[in-house]
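Just below is one structure, and these are the notes that go with it.
Please treat every number below as a calculation from the coordinates, not as lab data. The shown structure was predicted, so the numbers you read here are calculated from the model rather than taken from an experiment. Note that each Cβ is placed from the backbone with ideal geometry, even for glycine, and that neighbours are counted across all protein chains shown.
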Amino acid sequence: MAKGFFLGLLGLFFATVLMLFAYQLNMLPASVYPFAYKIMQAFSFIAPVPPALEKFEGTWVVTFTPTRPQSDLGTCAIPSGLLRTHAGAFTGNVGSSVPIKASTTDDGRLTGVIGNGSTLRKGTLVAYIEKGAGQGTWKDDFECEGSVLLTKQQLVTDPIQGKVVSSGDDSILVRSGELRSLRPGMPLYRGDIIEAHSGTVLLGMGAAFETAVNLTPSMTYKVGQ
């Protein structure tokens, strides 16, 4: 019984190692990547900050401007605050005790909540951030709403390595285990995997996107290799 359990654990270990190597060498089918990425995260084999989210890392000042000073339920003013960002997750406080939690996609679409179950005030915010600055809107259960501005306190470091110039039909991008439809203009980061399914895919790689990479149907390309 104990021997069988040990052999099972040993088999699981070797299977995980093989999956790791297959993942790194881009030898897995595209449909397997989301599952494989979650497994690798669980075993801490993948860097905690995906390259496409590095540009958001740091401290951000968030400023709220209400459309009116007060509602029937109270003041609409919300103090400015500081948000810290790691791997696309924004956390911090405004005022003395109102928490904010938000998250962003790698293209800068940010959604978040103001307050929590224990705070009197609760609300939501949405914004778009790019190149160290962002703007959007907020509203709360005091029947208040307004605009929100976000400003990064550090220099923006964007480790972009290329972009999609043109894409064939049904071609896909695999990033951090997520499958996406490939489209022209998409930035490319280390570890991204491009699979050409039909038609020719043209990539511009390098600091000035000066190096052309052509992919014909059934070809796969991993950025940074």
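Full-extension gain between Arg109 and Leu73, please, as 0.36 nm times their residue separation minus the C-alpha to C-alpha distance.
Using 0.36 nm per residue and subtracting the Cα-Cα distance, I get 9.9 nm.
Could you go through segment 96-112 in sequence order and give the Karplus-derived ³J(HN,Hα) for each residue, using 6.51 cos²θ - 1.76 cosθ + 1.60 with θ = phi - 60°, rounded to whole Hz, and x for Gly and Pro?
Coupling constants for segment 96-112: 8, 8, 9, x, 10, 10, 8, 9, 10, 7, 5, 9, x, 7, 10, 10, x Hz.
Extending each Cα 7 Å along its Cβ direction at Phe14 and Arg84, get the distance between those two points in nm, one decimal.
4.4 nm
How would you classify segment 160-225 from its alpha-carbon gyration tensor, with a ≥ b ≥ c the square roots of the eigenvalues: rounded for a/c under 1.5, else prolate if a/b is greater than b/c, otherwise oblate?
Verdict is oblate for segment 160-225.
From the backbone phi of segment 80-88, what are the Karplus-calculated ³J(HN,Hα) couplings (6.51 cos²θ - 1.76 cosθ + 1.60, θ = phi - 60°) in whole Hz, Gly and Pro given as x?
Listing the rounded values in order: 5, x, 10, 10, 9, 10, 8, 6, x Hz.
Using modelled amide H (1.01 Å from N, peptide plane; none on Pro or chain starts), what sits under 5 Å from the amide H of Cys76, excluding residues fewer than 5 places away?
Amide H neighbours of Cys76: Gln70, Ser71.
With θ set to phi - 60°, apply the Karplus curve 6.51 cos²θ - 1.76 cosθ + 1.60 along segment 140-152 and write out the HN-Hα couplings as whole Hz, x wherever there is a Gly or Pro.
9, 7, 8, 6, 10, 7, x, 9, 10, 10, 10, 9, 6
First select every other residue whose beta carbon is under 14 angstrom from the beta carbon of Thr216; then total the charges, Lys and Arg +1, Asp and Glu -1.
Details: positive: none; negative: Asp169, Asp170, Glu195.
So the surrounding residues net to -3.
Students often get this wrong, so check it: of Lys101/Lys163; Lys101/Lys222; Lys139/Lys163; Lys101/Lys131; Lys122/Lys163, which have C-alpha atoms separated by over 28 Å?
Going by Cα-Cα distance, Lys101/Lys163; Lys101/Lys222; Lys139/Lys163; Lys122/Lys163 fall outside the 28 Å limit.
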